[in-house]
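Q: I have a structure I would like to understand better, so I am pasting it below and will then ask my questions one at a time.
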Amino acid sequence: MDEGDLPRPKGDAASKLAAEDLSPYSQDELAERVALLEAEIERVKAHRDKAAAHRAAADALFGGKST
């Protein structure tokens, strides 16, 4: 079973963010939050792409399974 097939653990950062009440935040605070989250999404995507490239290079070198 791949790690990606496992359910996300309860209490992880994304679950906590999704459950948070946003009503106390001002529009400026919400805009800042959106900008921070978009930056984090880009950071995660860059890491994912780097990991995929690393995996592809290892598979090419060692003849691993294709995904």
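Q: Confirm whether residue 21 is open to solvent by 90 Å² or more (accessible area, probe 1.4 Å), at pLDDT 95 or above and not in a helix (DSSP H, G or I). Let's see the steps before the verdict.
A: Details: open to solvent by 90 Å² or more (accessible area, probe 1.4 Å): yes; at pLDDT 95 or above: yes; not in a helix (DSSP H, G or I): yes.
Yes.
Q: Would you confirm, using the coordinates I've provided, whether residue 59 is at pLDDT 95 or above and of a type outside the set (Phe, Trp, Tyr)?
A: Values: at pLDDT 95 or above: no; of a type outside the set (Phe, Trp, Tyr): yes.
No: the conditions fail for residue 59.
Conditions tested, residue by residue: (1) more than 18 Å from the chain's Cα centre (by Cα); (2) among the acidic types (Asp, Glu); (3) surrounded by 11 or more Cβ atoms within 10 Å (Cβ to Cβ).
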| position | (1), (2), (3) |
| --- | --- |
| 47 | no, no, no |
| 50 | no, no, no |
| 58 | yes, no, yes |
| 62 | yes, no, no |
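The values are calculated or read from the model by the stated rules, or taken from the named source; none is laboratory data. Just so you know, these numbers come straight off a predicted model, no measurement behind them. Note that we place each Cβ from the backbone using ideal geometry, even for glycine, and neighbour counts take in every protein chain shown. Quick note on the areas: whole protein, heavy atoms, side chains included, nothing else; ligands and nucleic acids left out. Shrake-Rupley method; radii C 1.70, N 1.55, O 1.52, S 1.80 Å.
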